[in-house]
Amino acid sequence: GLLEKLIPAFETDTGYIVNIEAFGTGRALRSARDGNADIIIVHSPAAELKFMHAEYGLARLPLMKNEFILAGPKDDPAGVATTSDIISAFKAIAEKQARFISRGDDSGTHNKELEIWHKSIIMPYGKWYIEYGHGMGKTLDFADQMNAYVLVDRGTWLAMRDQLRLAQLFEGDELLDNPYHIISINPDKHPSVNKQGAQRFIEWITSMHGQDIIKNFTIDGEQLFTPAGNP
């Protein structure tokens, strides 16, 4: 819901019209490489840096951050709520072979999940591990139907938690930090890019006004994102 606050304010302030396409980070980066965007907002730092090193991005600026949480069945069969860190939590899920739903879609959330499995020295495989292949909302809803563990960003969790049986079981590990960056696309790669409009949007959204909108965006009184320039 954050873009529903940001975009009308930007359009009112500047006169620009913004067309939005919502994808996971992997698909957003691929679309931008094909010249289908002027700017992208993404949250997979390693993939972003590869994009920049390939010179598809003109500028990359920190925008905001939130965090991932681990949700799961209220009875917590793997006992993740009592673990000391997210790596231990993932190890407990694998050891118990408790059902886990992965986005499986090359999104920032999926990449974070794979990073945690890698650091856990675990290759998730078996009937307990399900790659769903959809966006965060649908994945969270499916995990709820399956009464399974799932990694989810706090914003989606707060927006949907009242509709779910799942419980928030683990949070707070530094590894669960979820930074977002905004990237303008290099017009040398795609001359059709609206460089001036992209630059105006970046200036606006990283200004005090844009960052205040991010800071003041809440659900049930809880702040969803911490702006990079106005914490």
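The values are calculated or read from the model by the stated rules, or taken from the named source; none is laboratory data. This structure is a prediction, so every number in the text was calculated from the model and none was measured. No Cβ is skipped: glycine too gets one built from the backbone with ideal geometry, and neighbour counts run over all protein chains shown. To get the accessible areas, we keep the full protein, side chains included, count just its heavy atoms, and leave off ligands, DNA and RNA. Shrake-Rupley method; radii C 1.70, N 1.55, O 1.52, S 1.80 Å.
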### Residue pairs meeting the criteria (Cβ under 8 Å; at least 6 apart or on separate chains; first open to solvent by 90 Å² or more (accessible area, probe 1.4 Å), in segment 8-27; second modelled with pLDDT of 95 or more and charged (D, E, K, R))
I17/E11
### Message
Kindly evaluate T12 against the criterion of being under 15 Å from N111 (Cα atoms) and not small (G, A, S).
### Response
no
### Task
With the checklist (1) open to solvent by 40 Å² or more (accessible area, probe 1.4 Å); (2) over 18 Å from R99 (Cβ atoms); (3) at pLDDT 95 or above in hand, flag the one item Q223 doesn't pass.
(3)
### Message
Please determine whether any residue of segment 165-172 is crowded, with 16+ Cβ neighbours inside 10 Å and in contact with a Lys or Arg (Cβ under 7 Å, 6 or more places away or on another chain).
### Response
no
### Only listed residue being surrounded by fewer than 22 Cβ atoms within 10 Å (Cβ to Cβ), closer than 21 Å to D177 by Cβ, out of contact with any strand residue (DSSP E or B) (no Cβ under 7 Å at 6 or more places or on another chain) and of a type in the set (V, I, T), chosen from I41, I87
I87
### In segment 78-99, the residues that are closer than 19 Å to R154 by Cβ and not in a loop (DSSP other than H, G, I, E, B)
V80, A81, I86, A89, F90
### Query
Could you give every pair whose Cβ atoms fall below 9 Å, whose first residue belongs to segment 86-113 and is touching a residue at least 40 places away in the same chain (Cβ under 8 Å) and of a type in the set (D, E), and whose second residue is open to solvent by 40 Å² or more (accessible area, probe 1.4 Å) and in a helix (DSSP H, G or I), counting only separations of at least 6 or pairs across chains?
D105/R27; D106/R27; D106/R30
### Message
Please determine whether any residue of segment 98-106 is open to solvent by 50 Å² or more (accessible area, probe 1.4 Å), modelled with pLDDT under 95 and of a type outside the set (A, V, I, L, M).
### Response
yes
### Task
Just give me the residues in segment 137-156 being in contact (Cβ under 8 Å) with a residue 40 or more places away in the chain, closer than 30 Å to G57 by Cβ, open to solvent by 10 Å² or more (accessible area, probe 1.4 Å) and part of a helix (DSSP H, G or I), in sequence order.
R154
### Task
Just name the residue that is modelled with the lowest pLDDT out of those in segment 184-220 that are more than 13 Å from G57 (Cβ to Cβ), in a loop (DSSP other than H, G, I, E, B) and not small (G, A, S).
D220
### Task
Hey, could you check segment 102-116 for residues that are of a type outside the set (A, V, I, L, M) and not in a loop (DSSP other than H, G, I, E, B) and say which is nearest to R27 (Cα to Cα)?
G108
### Task
Would you check if there is a residue in segment 117-124 being under 18 Å from the mean Cα position of the chain (by Cα) and in a helix (DSSP H, G or I)?
yes
### Message
Take the conditions in contact with an Asp or Glu (Cβ under 6 Å, 6 or more places away or on another chain) and open to solvent by 40 Å² or more (accessible area, probe 1.4 Å) and apply them to N194. Does it pass?
### Response
yes
## Note on the structure
Filter segment 125-135 for residues that are modelled with pLDDT under 95 and not small (G, A, S); the one that is least open to solvent (accessible area, probe 1.4 Å) is H134
